[in-house]
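Colleague: Questions regarding the structure given below will be posed in turn.
The values are calculated or read from the model by the stated rules, or taken from the named source; none is laboratory data. Here the structure is a predicted model, which is why all the values come from computation and not from measurement. Note that we place each Cβ from the backbone using ideal geometry, even for glycine, and neighbour counts take in every protein chain shown.
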Amino acid sequence: MAFQGGDRRFTGDLVDLSTTGLLLRCTEDLALGSMGKMAIPVGHETCRAVVVAKRRLPGVGIAFEFTHLSMHDRELLRRLLMR
């Protein structure tokens, strides 16, 4: 998965996913409240979401909350969660 916001861009591994957000395993130090875009691969498509960094879990990564998902991206997320 990839995060891009401001002058920051990094990738990480998905640890947890829900309808409201996700936990990304990464070593990045991102300020809480930082906003950006997240790309989540779903089969041959990509779910794109606007996210905000909500909390840092030491030794794990960053928890992000979804702030905007289009209807199409919500459907992709729903399909991913149903797997």
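Colleague: Scanning segment 11-57 for residues that are of a type in the set (A, V, I, L, M, F, W, C), touching a residue at least 24 places away in the same chain (Cβ under 8 Å) and assigned to a loop (DSSP other than H, G, I, E, B), which turns out surrounded by the most Cβ atoms within 10 Å (Cβ to Cβ)?
Modeller: That would be LEU30.
Colleague: Same structure, new question: Within segment 1-10, track down each residue that is in contact (Cβ under 8 Å) with a residue 12 or more places away in the chain and in a loop (DSSP other than H, G, I, E, B). I'd like the intermediate steps shown before the answer.
Modeller: If we filter segment 1-10 for residues that are in contact (Cβ under 8 Å) with a residue 12 or more places away in the chain, which is where we start, we get 1-6, 8, 10.
Selection gives MET1, GLY6.
Matching residues to (1) touching a strand residue (DSSP E or B) at 6+ places or on another chain (Cβ under 7 Å); (2) closer than 26 Å to ARG83 by Cα:
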residue: THR11; (1), (2): yes, yes
residue: LEU24; (1), (2): yes, yes
residue: SER34; (1), (2): yes, no
residue: GLY43; (1), (2): no, yes
residue: LEU69; (1), (2): yes, yes
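Colleague: Mind telling me which of the residues LEU22, LEU80, LEU69 ends up being touching a Cys at 6+ places or on another chain (Cβ under 8 Å) and at pLDDT 95 or above?
Modeller: Answer to the check: LEU69.
Colleague: Still on this structure, I have one more. Quick check on segment 63-75. Is at least one of its residues within 10 Å of PHE3 (Cβ to Cβ), buried (at least 16 other Cβ atoms within 10 Å of the Cβ) and of a type outside the set (Gly, Ala, Ser)?
Modeller: Kept after step one, since they are within 10 Å of PHE3 (Cβ to Cβ), are these residues of segment 63-75: 64.
Now restrict to residues that are buried (at least 16 other Cβ atoms within 10 Å of the Cβ): 64.
Cutting the leftovers down to of a type outside the set (Gly, Ala, Ser) gives us 64.
Yes: one or more hits.
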